[in-house]
Amino acid sequence: MPSPPPKDNEVVCLSCGWVNSPHKNYCVACGAPITAHAVNDAFDTIKTSGWTYRKVQEAPRSLIVVLGVWFLFLPLAICCGVLLLQFLGELLRGRWPANAMEQLIFFVLYPLVVGVGAYVSTTIIRRTTQGYLQERARRAKQDHAPDDDDDDDSDDGGSFDADDFDDNSEDS
(Lines give C-alpha, C1' and ligand atoms only; values in the text may rest on other atoms or scores of the structure.)
Protein backbone atom coordinates (compact mmCIF):
# COMPACT_ATOMS: atom_id res chain seq x y z
CA MET A 1 0.00 0.00 0.00
CA PRO A 2 1.60 3.32 -0.99
CA SER A 3 2.10 5.98 1.62
CA PRO A 4 0.08 9.22 1.41
CA PRO A 5 1.99 12.37 0.45
CA PRO A 6 3.73 14.02 3.41
CA LYS A 7 2.19 16.98 5.20
CA ASP A 8 4.04 19.65 7.17
CA ASN A 9 6.58 18.31 9.68
CA GLU A 10 6.03 14.67 8.68
CA VAL A 11 9.06 12.48 8.17
CA VAL A 12 9.49 10.13 5.19
CA CYS A 13 11.28 6.85 5.88
CA LEU A 14 14.29 6.48 3.61
CA SER A 15 14.09 2.69 3.80
CA CYS A 16 10.49 2.06 2.73
CA GLY A 17 9.06 5.49 1.85
CA TRP A 18 6.33 5.50 4.50
CA VAL A 19 5.22 8.89 5.84
CA ASN A 20 5.49 9.03 9.63
CA SER A 21 4.26 11.56 12.15
CA PRO A 22 6.91 14.03 13.34
CA HIS A 23 7.14 12.63 16.89
CA LYS A 24 8.16 9.11 15.76
CA ASN A 25 11.81 8.10 15.93
CA TYR A 26 11.26 4.80 14.09
CA CYS A 27 9.20 4.06 10.99
CA VAL A 28 5.85 2.51 11.87
CA ALA A 29 5.91 0.40 8.70
CA CYS A 30 9.40 -1.14 8.70
CA GLY A 31 11.02 -0.14 12.03
CA ALA A 32 13.90 1.79 10.47
CA PRO A 33 15.39 4.69 12.44
CA ILE A 34 14.14 7.93 10.85
CA THR A 35 15.43 10.71 13.11
CA ALA A 36 18.67 11.55 14.85
CA HIS A 37 16.88 10.95 18.17
CA ALA A 38 16.77 7.22 17.38
CA VAL A 39 20.25 6.88 18.92
CA ASN A 40 19.99 9.17 21.96
CA ASP A 41 20.45 6.54 24.65
CA ALA A 42 21.95 3.09 24.91
CA PHE A 43 18.72 1.17 24.32
CA ASP A 44 17.84 3.16 21.21
CA THR A 45 21.37 2.65 19.88
CA ILE A 46 21.02 -1.10 20.40
CA LYS A 47 17.62 -1.10 18.70
CA THR A 48 18.99 0.87 15.73
CA SER A 49 22.04 -1.40 15.44
CA GLY A 50 19.84 -4.48 15.63
CA TRP A 51 17.61 -3.16 12.85
CA THR A 52 20.69 -2.51 10.71
CA TYR A 53 22.09 -6.01 11.25
CA ARG A 54 18.71 -7.60 10.51
CA LYS A 55 18.42 -5.57 7.31
CA VAL A 56 21.90 -6.66 6.23
CA GLN A 57 21.15 -10.33 6.97
CA GLU A 58 17.96 -10.41 4.90
CA ALA A 59 19.64 -10.05 1.52
CA PRO A 60 22.99 -8.29 1.42
CA ARG A 61 23.41 -6.85 -2.05
CA SER A 62 27.16 -6.47 -2.21
CA LEU A 63 30.23 -8.44 -1.30
CA ILE A 64 31.64 -5.48 0.66
CA VAL A 65 28.76 -5.78 3.15
CA VAL A 66 29.50 -9.47 3.68
CA LEU A 67 33.21 -8.77 4.10
CA GLY A 68 32.39 -6.00 6.58
CA VAL A 69 30.27 -8.37 8.67
CA TRP A 70 33.08 -10.93 8.61
CA PHE A 71 35.56 -8.22 9.60
CA LEU A 72 33.39 -7.11 12.52
CA PHE A 73 32.27 -10.46 13.92
CA LEU A 74 35.03 -12.96 13.09
CA PRO A 75 37.41 -11.59 15.77
CA LEU A 76 34.62 -11.90 18.35
CA ALA A 77 33.92 -15.47 17.29
CA ILE A 78 37.61 -16.37 17.48
CA CYS A 79 38.04 -14.77 20.92
CA CYS A 80 34.97 -16.54 22.26
CA GLY A 81 36.21 -19.86 20.88
CA VAL A 82 39.61 -19.37 22.50
CA LEU A 83 38.00 -18.44 25.82
CA LEU A 84 35.76 -21.50 25.71
CA LEU A 85 38.80 -23.70 25.07
CA GLN A 86 40.59 -22.02 27.97
CA PHE A 87 37.56 -22.69 30.19
CA LEU A 88 37.55 -26.37 29.20
CA GLY A 89 41.30 -26.59 29.83
CA GLU A 90 40.85 -25.21 33.34
CA LEU A 91 38.12 -27.77 33.99
CA LEU A 92 40.31 -30.63 32.76
CA ARG A 93 43.25 -29.50 34.91
CA GLY A 94 40.98 -29.53 37.95
CA ARG A 95 41.51 -25.91 38.96
CA TRP A 96 38.44 -24.99 40.95
CA PRO A 97 37.69 -21.56 42.38
CA ALA A 98 37.87 -21.28 46.16
CA ASN A 99 34.78 -19.30 47.24
CA ALA A 100 31.14 -19.41 46.14
CA MET A 101 31.17 -16.14 44.20
CA GLU A 102 34.14 -17.21 42.09
CA GLN A 103 32.49 -20.58 41.48
CA LEU A 104 29.32 -18.85 40.29
CA ILE A 105 31.32 -16.70 37.89
CA PHE A 106 33.51 -19.59 36.73
CA PHE A 107 30.81 -22.22 36.23
CA VAL A 108 27.79 -20.12 35.20
CA LEU A 109 28.49 -16.59 34.05
CA TYR A 110 31.77 -17.12 32.21
CA PRO A 111 30.58 -19.98 29.95
CA LEU A 112 27.18 -18.31 29.48
CA VAL A 113 28.60 -14.97 28.32
CA VAL A 114 31.32 -16.53 26.17
CA GLY A 115 28.90 -19.08 24.69
CA VAL A 116 26.32 -16.44 23.82
CA GLY A 117 29.02 -14.27 22.23
CA ALA A 118 30.25 -17.17 20.12
CA TYR A 119 26.71 -18.15 19.10
CA VAL A 120 25.62 -14.62 18.16
CA SER A 121 28.76 -13.78 16.19
CA THR A 122 28.80 -17.02 14.22
CA THR A 123 25.05 -16.80 13.57
CA ILE A 124 25.36 -13.28 12.17
CA ILE A 125 28.27 -14.34 9.95
CA ARG A 126 26.44 -17.45 8.73
CA ARG A 127 23.13 -15.73 8.01
CA THR A 128 24.75 -12.80 6.22
CA THR A 129 26.90 -15.05 4.06
CA GLN A 130 23.98 -17.37 3.35
CA GLY A 131 21.73 -14.43 2.42
CA TYR A 132 24.37 -13.06 0.07
CA LEU A 133 24.88 -16.42 -1.65
CA GLN A 134 21.12 -16.96 -2.02
CA GLU A 135 20.66 -13.46 -3.44
CA ARG A 136 23.56 -14.04 -5.83
CA ALA A 137 22.10 -17.37 -6.98
CA ARG A 138 18.67 -15.78 -7.44
CA ARG A 139 20.18 -13.01 -9.56
CA ALA A 140 22.18 -15.48 -11.64
CA LYS A 141 19.07 -17.58 -12.22
CA GLN A 142 17.11 -14.46 -13.15
CA ASP A 143 19.85 -13.30 -15.55
CA HIS A 144 20.03 -16.68 -17.30
CA ALA A 145 16.28 -17.26 -17.48
CA PRO A 146 14.86 -17.31 -21.01
CA ASP A 147 12.95 -14.24 -22.09
CA ASP A 148 9.23 -14.95 -21.91
CA ASP A 149 8.26 -11.84 -23.83
CA ASP A 150 9.17 -13.29 -27.24
CA ASP A 151 5.78 -13.57 -28.92
CA ASP A 152 6.92 -14.64 -32.35
CA ASP A 153 5.20 -17.71 -33.77
CA SER A 154 8.27 -19.05 -35.50
CA ASP A 155 8.84 -22.77 -35.16
CA ASP A 156 12.32 -23.34 -33.85
CA GLY A 157 12.10 -27.08 -34.16
CA GLY A 158 12.06 -28.31 -30.59
CA SER A 159 10.94 -25.80 -28.02
CA PHE A 160 7.38 -25.25 -26.95
CA ASP A 161 5.73 -22.28 -25.35
CA ALA A 162 2.36 -21.81 -23.66
CA ASP A 163 0.57 -21.28 -26.99
CA ASP A 164 1.45 -24.83 -28.07
CA PHE A 165 -0.52 -26.27 -25.15
CA ASP A 166 -3.52 -23.96 -25.22
CA ASP A 167 -6.77 -25.98 -25.18
CA ASN A 168 -8.74 -23.16 -26.76
CA SER A 169 -6.65 -23.00 -29.92
CA GLU A 170 -8.26 -24.46 -33.01
CA ASP A 171 -5.99 -26.76 -34.98
CA SER A 172 -7.16 -28.07 -38.33
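The values are calculated or read from the model by the stated rules, or taken from the named source; none is laboratory data. Please read all numbers here as calculations on a predicted model, not as lab measurements. Each accessible area value is taken on the protein alone, full model and side chains, heavy atoms only, with ligands, DNA and RNA left out. Shrake-Rupley method; radii C 1.70, N 1.55, O 1.52, S 1.80 Å.
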With all protein chains modelled, accessible area of Ser62 [1.4 Å, Å²]: 40
Ranking by accessible area, most exposed first, for His37, His144 with a 1.4 Å probe: His144, His37
Gyration tensor (alpha-carbon) shape descriptor, the stretch 39-134, a/c threshold 1.5: oblate
Trp51 - accessible surface, heavy atoms, 1.4 Å probe, Å² rounded to 10: 50
Amide proton proximity set for Tyr26, modelled H, under 5 Å, gap of 5+: Ile34
Carbon/sulfur fraction of accessible area - the stretch 46-107, other protein chains in place, 1.4 Å, %: 72
Per-residue ³J(HN,Hα) for the stretch 133-144, Karplus 6.51 cos²θ - 1.76 cosθ + 1.60, θ = phi - 60°, Hz, x for Gly and Pro: 5, 5, 5, 5, 5, 5, 5, 5, 5, 5, 5, 9
